[in-house]
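All remarks here apply to the structure that follows.
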Amino acid sequence: MSVIETAGARALTGHTGAVNSVAFSPDGARLSTASEDKSARVWNAATGELMHTLTGHAEAVFAAPFSPDGAQIATVSADLTPRLWNVATGSCSHELAGHTVAVFGVAFSPDGRILATTSYDETIRLWDVATGARVSVLGGHSDIVYAAAFSRDGALLATASGDGTARVWDPASGTCLRVLTGHTGIVSAVTFSPQAALVATASFDGTARLWDPATGNCLRILSGHADTVWSVVISPNGLVVATASEDATVRLWDAAGAPLRTLEGHTDSAFGAAFSPDSALIATASSDTMVRLWDAAAGKCVRTMEGHGGAVSSVAFSPDGRQLATASTDETARLWTL
């Protein structure tokens, strides 16, 4: 493992497979990376030094988010068994057995007590973070469940599936409250607006949609992309929706679904986007190896970040907005100073 200083960035090296995702701890002190090399790693976000290597998975690790208090990391893997880890020691506290096919999506509840995992086995499982015990199994999707997201108050859980639907659940009872139907392709991503007034979904059908979680009604179809929409995110202030597409663009929409502007400049698929904590900037990740930083209000690229040697798969702002972390198929993550 080494930290390589490059222009404006630290390259975090040591993984021996593509890095699938990157996440900051809630206090911004640590960074996690998840890799095809069957491990996750924990890094000092200030120095880029390796703190822990989380080993034990038998297959690729897809994601490694921190719990809301920053004390634990959850990992999900193709080996069927999510794990919970103690951040201070790097030790595995719980192996969560029960899924029967690869586990792809993961989300902590806002209070940190419940972990949701989503799987190719078409289920969502809820786990007690303190004990590792299974709380419930949510069934109803008829294809892979790719993603899950909790509302900010933890009262609702939304899931996205290859069956072309999203669902809204009551995580306390495990009851499905709404089935969001209308997409004609895989639903690849789902998120809530900050006040949970909206659910946004992204789909392989080339559109995103805005939904009312209380009624399940589709409020607006966000049309304009020419190919698969990989991801959808909503700004922290709840005013702007960003969609990232295979067509190499990111599009911005207002909270009512009206188009605002198109961010053009990437030369290959735009995999994802992230807003800065103050909602002023957007970072975009692309398979063209570039990371771009945009002024959200003007829609102008203010910085192009070069250095990765492969597709950029994930991007995240630090909680104070002063750093950007990126993950790539080139087997590295990078920390950029903004």
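The values are calculated or read from the model by the stated rules, or taken from the named source; none is laboratory data. Remember, it's a predicted structure, so these values are computed and weren't measured experimentally. No Cβ is skipped: glycine too gets one built from the backbone with ideal geometry, and neighbour counts run over all protein chains shown. Quick note on the areas: whole protein, heavy atoms, side chains included, nothing else; ligands and nucleic acids left out. Shrake-Rupley method; radii C 1.70, N 1.55, O 1.52, S 1.80 Å.
Among the residues of segment 151-162 satisfying the criterion of being in a loop (DSSP other than H, G, I, E, B) and within 23 Å of Asp69 (Cα to Cα), which is least open to solvent (accessible area, probe 1.4 Å)?
Ser151
Taking segment 108-138, which residues are under 20 Å from Ser35 (Cβ atoms) and part of a strand (DSSP E or B)? Quick ask: steps written out before the conclusion?
Of all residues in segment 108-138, those under 20 Å from Ser35 (Cβ atoms) come to 117-120.
Thr117, Thr118, Ser119, listed by residue number.
Looking at segment 283-298, which of its residues are open to solvent by 20 Å² or more (accessible area, probe 1.4 Å) and either among the acidic types (Asp, Glu) or not in a strand (DSSP E or B) (or both)?
Ser287, Asp288, Thr289, Met290, Asp295, Ala297, Ala298
Just the residues that are within 26 Å of Pro236 (Cβ to Cβ) and open to solvent by 30 Å² or more (accessible area, probe 1.4 Å), please, taken from segment 177-190.
Passing the criteria: Leu177, Arg178.
In the set Thr262, Thr243, which member is hydroxyl-bearing (Ser, Thr, Tyr), on the phi < 0 side of the Ramachandran plot, open to solvent by 40 Å² or more (accessible area, probe 1.4 Å) and touching a Lys or Arg at 6+ places or on another chain (Cβ under 7 Å)?
Thr262
Within the group Arg41, Arg30, which residue is farther than 18 Å from Arg134 by Cα and buried (at least 21 other Cβ atoms within 10 Å of the Cβ)?
So the residue among Arg41, Arg30 that is farther than 18 Å from Arg134 by Cα and buried (at least 21 other Cβ atoms within 10 Å of the Cβ) is Arg41.
Could you look through segment 241-273, keep only residues that are more than 26 Å from Gly164 (Cβ to Cβ) and of a type in the set (A, V, I, L, M), and pick out the one that is farthest from the chain's Cα centre (by Cα)?
Leu260
From the list Thr89, Thr53, Thr117, which residue is under 25 Å from Asp143 (Cβ atoms), at pLDDT 95 or above and of a type in the set (Ser, Thr, Tyr)?
Going through Thr89, Thr53, Thr117 in turn, the sole match is Thr117.
Name the pairs whose Cβ atoms lie under 8 Å apart, with the first residue in segment 310-328 and over 16 Å from Asp268 (Cα atoms) and aliphatic (A, V, I, L, M), the second open to solvent by 20 Å² or more (accessible area, probe 1.4 Å) and outside any strand (DSSP E or B), and 6 or more positions between them or separate chains?
Leu324/Leu338
Each row is one residue, and each column tells you yes or no for (1) closer than 22 Å to Val22 by Cβ; (2) without any contact (Cβ under 8 Å) to a residue 12 or more places away in the chain; (3) among the hydrophobic types (A, V, I, L, M, F, W, C); (4) surrounded by 20 or more Cβ atoms within 10 Å (Cβ to Cβ).
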site	(1), (2), (3), (4)
Val76	yes, no, yes, yes
Ala107	yes, no, yes, yes
Asp121	no, no, no, no
Val135	no, no, yes, no
Gly139	no, no, no, no
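Please name all residue pairs, on different chains or six or more residues apart, with Cβ atoms under 8 Å, provided the first residue is in segment 294-307 and is aromatic (Phe, Trp, Tyr) and the second residue is open to solvent by 70 Å² or more (accessible area, probe 1.4 Å).
Trp294/Lys300; Trp294/Val302
Do the conditions hold for Ala148, that is, is it under 20 Å from Pro194 (Cβ atoms), open to solvent by 10 Å² or more (accessible area, probe 1.4 Å), in a strand (DSSP E or B) and out of contact with any Cys (no Cβ under 9 Å at 6 or more places or on another chain)?
Details: under 20 Å from Pro194 (Cβ atoms): yes; open to solvent by 10 Å² or more (accessible area, probe 1.4 Å): yes; in a strand (DSSP E or B): yes; out of contact with any Cys (no Cβ under 9 Å at 6 or more places or on another chain): yes.
For Ala148, the condition - under 20 Å from Pro194 (Cβ atoms), open to solvent by 10 Å² or more (accessible area, probe 1.4 Å), in a strand (DSSP E or B) and out of contact with any Cys (no Cβ under 9 Å at 6 or more places or on another chain) - is met.
Condition first: within 18 Å of the chain's Cα centre (by Cα) and open to solvent by 20 Å² or more (accessible area, probe 1.4 Å). Can you find one or more residues in segment 216-223 that meet it? Explain how you work it out, then say what you get.
Initial filter on segment 216-223 (within 18 Å of the chain's Cα centre (by Cα)): none.
No, that holds for no residue.
State which residue is farthest from Val168 (Cα to Cα) when the search covers only segment 78-98 and only residues that are of a type outside the set (A, V, I, L, M), outside any strand (DSSP E or B) and open to solvent by 10 Å² or more (accessible area, probe 1.4 Å).
Keep residues of segment 78-98 that are of a type outside the set (A, V, I, L, M), which gives 79, 81-83, 85-86, 89-95, 98.
From the residues that got through so far, the ones that are outside any strand (DSSP E or B) too are 79, 81-82, 89-91, 98.
Those left that are additionally open to solvent by 10 Å² or more (accessible area, probe 1.4 Å): 79, 81, 89-91, 98.
Values: Asp79: 27, Thr81: 24, Thr89: 36, Gly90: 34, Ser91: 34, Gly98: 22 Å.
Filtering first and then ranking leaves Thr89.
Is it true that some residue in segment 196-203 is open to solvent by 30 Å² or more (accessible area, probe 1.4 Å), under 24 Å from Ala242 (Cβ atoms), among the β-branched types (Val, Ile, Thr) and modelled with pLDDT of 95 or more?
Among the residues of segment 196-203, not one is open to solvent by 30 Å² or more (accessible area, probe 1.4 Å), under 24 Å from Ala242 (Cβ atoms), among the β-branched types (Val, Ile, Thr) and modelled with pLDDT of 95 or more, which makes the answer no.
Which residues, taken from segment 284-312, are of a type outside the set (Asp, Glu) and more than 27 Å from Glu36 (Cα to Cα)?
Scanning segment 284-312 gives Trp294, Ala296, Ala297, Ala298, Gly299, Lys300, Cys301, Val302, Arg303.
Among the residues of segment 246-259 satisfying the criterion of being open to solvent by 40 Å² or more (accessible area, probe 1.4 Å) and assigned to a strand (DSSP E or B), which is nearest to Asp212 (Cα to Cα)?
If we take residues in segment 246-259 being open to solvent by 40 Å² or more (accessible area, probe 1.4 Å) and assigned to a strand (DSSP E or B), then Asp254 is nearest to Asp212 (Cα to Cα).
Does Ala71 satisfy the condition of being open to solvent by 30 Å² or more (accessible area, probe 1.4 Å), among the hydrophobic types (A, V, I, L, M, F, W, C) and over 25 Å from Arg322 (Cα atoms)? Outline the logic, then answer.
On the way: open to solvent by 30 Å² or more (accessible area, probe 1.4 Å): yes; among the hydrophobic types (A, V, I, L, M, F, W, C): yes; over 25 Å from Arg322 (Cα atoms): no.
So Ala71 fails the test.
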